[in-house]
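Engineer: One structure coming up, written as structure tokens, with questions to follow.
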Amino acid sequence: MLKKHQIKILLFSILCSILFSNCATQLKTITDSSLLFTENSNVIELENRNRRKFDNAVIADLDQDGYLDILLTEHSRRVEIYWNNKGIFSKGEPFIFGDTHGIAIGDYNFDGIIEILVQSGGGDGKNPRKIKYYNVSKKRKITKGGEYKHFDGSRGRAVKLVDVDNNGSLDLITSAFPAIKHLDKGNVVYKRDDKLEFDFVSYLPHADRMAMRTSLTDFNNDNITDVIFHGGNRFVAVNGNKGLTFEDVTQSLFKDLTNIKLINSVSEIDFDNDGDTDLFLTRSKHPFDSESEYDETQKTFYFFARRKAFEYNNLEVEGDLKIENLQMAFPNFDIFIGENKTSYKRKKDKHGHIDATITQKEAKGFPEDISKKALYIGYLGNNLWKIAGHTNSPTSAVLHNVISKPAVIELKIMPAKLLENRNGVFVDVTNQLNINIKEQTTSAAVGDFNNDGWSDLFIVRYGKSASTIAQFLYLNQEGKKFVKQENHGIIRKELGATGMGADAFDYDKDGDLDIIYSNERGKWHLFTNNSKNDNNFIEVNVGYSPSKKATAMGAVLNFSACGNQYKRVVGATSSSYSHTFNTFLHVGLGKCKKVENATLTWSNGETLPLQINDLNKIYTAGNIKLK
């Protein structure tokens, strides 16, 4: 009789052969030690509707019950909250509505409960907003705390809670999408203040206007948080110094790598276990540029347009027009059919996708006047269709049964980059380490997914929106190279979607890392790690410092094991706008059976030696509760 994991493997093999004509030749025999990720609706009931997204999931033990909860942003609609009930998620009542960007989690006022900071969007620059905050009780009651009225309103993007002055309390770093004349005021640091909550300190160095993505790291292992602002045609690396001072060190740290453009995410990864911080960069185009793609096998055509007039003429379609995952956003939701401009009536809310079939008869002809900003669809005869319009907001869709290839826009090659930290200077080792990605990517989740003692990379792909695709999983081969895993099971099935954000966390506390990721104009996905092996691991759940004067945010776990140095940081994430608060630090150990010199260091410098004698268990370190 087949075992449970063997049944999953068999089902995946069948699915793979259906979805990919060449998959059968690529799929290797899966052994018990191989990786396989699966989705399970019994674990979490995520909405089965395609919607716009924003950034990564935000992960934190919000109710402090020992299990990690998640916040999922549906861009311009609301944020969904899922409570973790010992490895099974239940959906909570939403409390954050509207256009939402960065979210940060932490106990910044030492009241023993978690605060959530939220940066709302700025209405395309017409309605600048200020950061709001909420409180989460241990009984899962969420109350609105208020708004930081003394902040400047902005088209805010990133919100990061971080102890920038190493006194144990959490300060605040924010970024925005500033007007060109206000570039020097886009990035801000605020100091924790009992009266004001946060008090303005200074503006931080900036790059260009699109470099509003914000990533935290520690370039030089001095226990002071450093910052990278990125996303545009150049990036800026900002070194944190004592006394709340900051310095632009881009040239000295990155030298000839300063010309790397359009960095989507920055992930910390010590790929060689030498104890310092290396960086992995994903890259993709600006999200405003037009796109069009065609899948010759599936006969599907995808288009994306924003703020420009668009026209797809003489589309040869077999039969009626089948539209999948049509999405439009505020303020342009109108769809007009045929010469008479018959208005399409939606059956569901405007924030999600539409699937529709339009007959040749009802779409006959194309209107002469298309001056109103909307989407226009018309049938021209002889199996030819025309789709045109002009919308301020993003408009995208997939058309089926397109039997001849239309004109398409080829996406530029933007290879992801692995940068090694060599004595404080970063060097490109992407090719040397066998990472060969000749396309665009949006995010990465770092983790030791097979517990062999070496950090791996799950990478989310951008584009290929007319097709069904598998995401990338690169397994670390003892720090010497990475090998692409072909049979991991994480497949993007949504047509018309593209990659968004990803993070790794052990939601079920079984000792291996699971993956949560999203597709823009698609869905959220939680993939459970079903790998079978006899590798060892440890996890450390970090609380407040021994003196209770520092929160877990930014705390660093260091230890040695079998000749390797390991380092894990609370709050590490590839998220460019939000700041997760995952206090569970996971380390795979492979066959190693001894952990030595384990130490936790909090942001205020407090240290705590750890005695880790038993493996394959979760330790608790520090004060989990203040009261």
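The values are calculated or read from the model by the stated rules, or taken from the named source; none is laboratory data. Small disclaimer: the values here were computed from a predicted structure and weren't measured. With ideal geometry, Cβ positions are generated from the backbone for all residues, glycine too; neighbour counts draw on all protein chains shown. When the accessible area is computed, the model is the full protein with side chains, heavy atoms only, and any ligands, DNA or RNA have been set aside. Shrake-Rupley method; radii C 1.70, N 1.55, O 1.52, S 1.80 Å.
Engineer: If R0 is 30 Å, what FRET efficiency do you get for Asp274 and Asp152 from their C-beta distance, rounded to 0.05?
Structural biologist: It comes to 0.10.
Engineer: Right, another one. Nearest 0.05, what FRET efficiency do Thr620 and Lys484 give at R0 = 41 Å with Cβ-Cβ as r?
Structural biologist: Given R0 = 41 Å and the Cβ-Cβ separation, E is 0.65.
Engineer: Still on this structure: Mind checking the full-extension length gain between Thr143 and Glu93? Use 0.36 nm per residue of separation minus the Cα-Cα distance, one decimal, nm.
Structural biologist: Roughly 16.8 nm would be gained on extension.
Engineer: Moving on. So for each of 169-177, 519-527 I average, over its residues, the number of other beta carbons within 10 Å; can you give me the resulting order with the highest mean first?
Structural biologist: Values: 169-177: 24.9, 519-527: 23.3.
Top of the packing list down: 169-177, 519-527.
Engineer: I've got another one for you. Sorted by average packing, counted as other Cβ atoms within 10 angstrom per residue and highest first, what order do 404-416, 556-568 take?
Structural biologist: 556-568, 404-416
Engineer: Kindly sort Arg140, Arg155 by accessible area of their heavy atoms, largest first, with the probe set to 1.4 Å. Don't jump to the answer; show the numbers that get you there.
Structural biologist: Numbers: Arg140 75, Arg155 45 Å².
Sorted by accessible area, descending: Arg140, Arg155.
Engineer: What is the spin-label model distance, in nm, from Gln611 to Lys261 if the labels are put 7 Å beyond Cα along the C-beta direction?
Structural biologist: In this crude label model, Gln611 to Lys261 measures out at 5.8 nm.
Engineer: While we're here: Roughly to the nearest percent, how much of the accessible area of the chain is carbon and sulfur, given a 1.4 Å probe?
Structural biologist: On the chain, the fraction of accessible area on carbon and sulfur atoms equals 47 percent.
Engineer: Beta carbons within 10 angstrom, averaged per residue: use that to sort the peptides 584-594, 307-317, highest first.
Structural biologist: My ranking of the peptides, most packed first, is 584-594, 307-317.
Engineer: Between Ser202 and Asn241, what length comes free when the chain is fully extended (0.36 nm per residue of separation minus the Cα-Cα distance, one decimal in nm)? Walk me through the numbers before you get to the answer.
Structural biologist: Numbers: separation 39, 0.36 × 39 = 14.04 nm, distance 1.35 nm.
Once the chain is fully extended between Ser202 and Asn241, it gains 12.7 nm.
Engineer: Let me ask something else. Which of the pairs Lys464/Lys593; Lys261/Lys493; Lys347/Lys493; Lys91/Lys345; Lys185/Lys285 have their Cα atoms more than 32 Å apart in this structure?
Structural biologist: Lys464/Lys593
Engineer: Another question, if that's okay. To the nearest 10 degrees, how steep is helix 4-19 against the longest Cα principal axis of the chain, on a 0 to 90 scale?
Structural biologist: Result, in degrees: 40.
Engineer: How far is the Cα center of the stretch 312-370 from the Cα center of the stretch 252-286, in Å?
Structural biologist: Using only Cα atoms to place each centre, the spacing works out to 42 Å.
Engineer: Something else now. Distance from the Cα centre of the stretch 140-166 to that of the stretch 32-79, in angstrom?
Structural biologist: 23 Å
Engineer: Measuring with a 1.4 Å probe in the full set of protein chains, what accessible area per residue, in whole Å², belongs to the stretch 534-627?
Structural biologist: On a per-residue basis, the stretch 534-627 sits at 40 Å².
Engineer: Hey, what do the phi angles of the stretch 279-285 turn into as Karplus ³J(HN,Hα) couplings, whole Hz, using 6.51/-1.76/1.60 and θ = phi - 60°, x for Gly and Pro?
Structural biologist: Coupling constants for the stretch 279-285: 10, 10, 10, 9, 9, 7, 5 Hz.
Engineer: With labels modelled as points extended 7 Å from the Cα through the Cβ direction, what inter-label distance (nm, one decimal) is found for Ala309 paired with Asn597?
Structural biologist: Between Ala309 and Asn597, the simple spin-label model gives 6.8 nm.
Engineer: Using a 1.4 Å probe, what is the accessible area per residue for the stretch 301-437, in Å²?
Structural biologist: That works out to 51 Å² per residue.
Engineer: What does the convex hull of the alpha-carbon atoms of the chain project to on average, in nm²?
Structural biologist: The directionally averaged projection comes out at 28.1 nm².
Engineer: If I model a spin label as a point 7 Å beyond the Cα along the Cα-Cβ vector, how far apart are those points for Asp349 and Gln432 in nm?
Structural biologist: 5.0 nm
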